[in-house]
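First up is the structure itself, then whatever we jot down about it.
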Amino acid sequence: MARTRNLGKVMPIPKIWLSKKELAAYLGVSTRYIEANINTNPRVEVYRPTGRIALYSKENIDLVIRRSKT
């Protein structure tokens, strides 16, 4: 049997975790807004692999926004 080759387009891997700058761009706000309002919200899960870096779950952010609209 001959091998088949997949020559289609490569699909990008969806982003699961966002940095502070990426989250600000995603929400359309400044990084200062993220520091003042998002970081202090207890419903937002922040993953800190080191003391300085904060990563935000895109799924969690979307969930918090959906729940706040109702």
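Solvent-accessible surface of the chain, averaged per residue with a 1.4 angstrom probe and all protein chains in place: 90 square angstrom. The C-alpha atoms of the chain define a longest principal axis, and helix 58-68 lies at about 50 degrees to it.
Where does the chain land at 222 nm, in deg cm²/dmol rounded to the nearest 500, when only DSSP H runs of n ≥ 4 count, each adding -39500 (n - 2.57), divided by all residues?
Details: 2 runs with 19 residues, N = 70.
Here the helix-only value at 222 nm equals -8000 deg cm²/dmol.
Given the choices [x] 0.98; [y] 1.31; [z] 1.57, Cα Rg over 2.2 N^0.38 Å derived from the coordinates of this structure is entry [z].
Give, in nm to one decimal, the length gained when the segment between GLU22 and LEU63 is fully stretched (0.36 nm per residue of separation minus the Cα-Cα distance).
Details: separation 41, 0.36 × 41 = 14.76 nm, distance 1.72 nm.
That pair, GLU22 and LEU63, stretches by 13.0 nm at full extension.
The values are calculated or read from the model by the stated rules, or taken from the named source; none is laboratory data. Treat the numbers as computed from the prediction; the structure is a model and nothing was measured. To get the accessible areas, we keep the full protein, side chains included, count just its heavy atoms, and leave off ligands, DNA and RNA. Shrake-Rupley method; radii C 1.70, N 1.55, O 1.52, S 1.80 Å.
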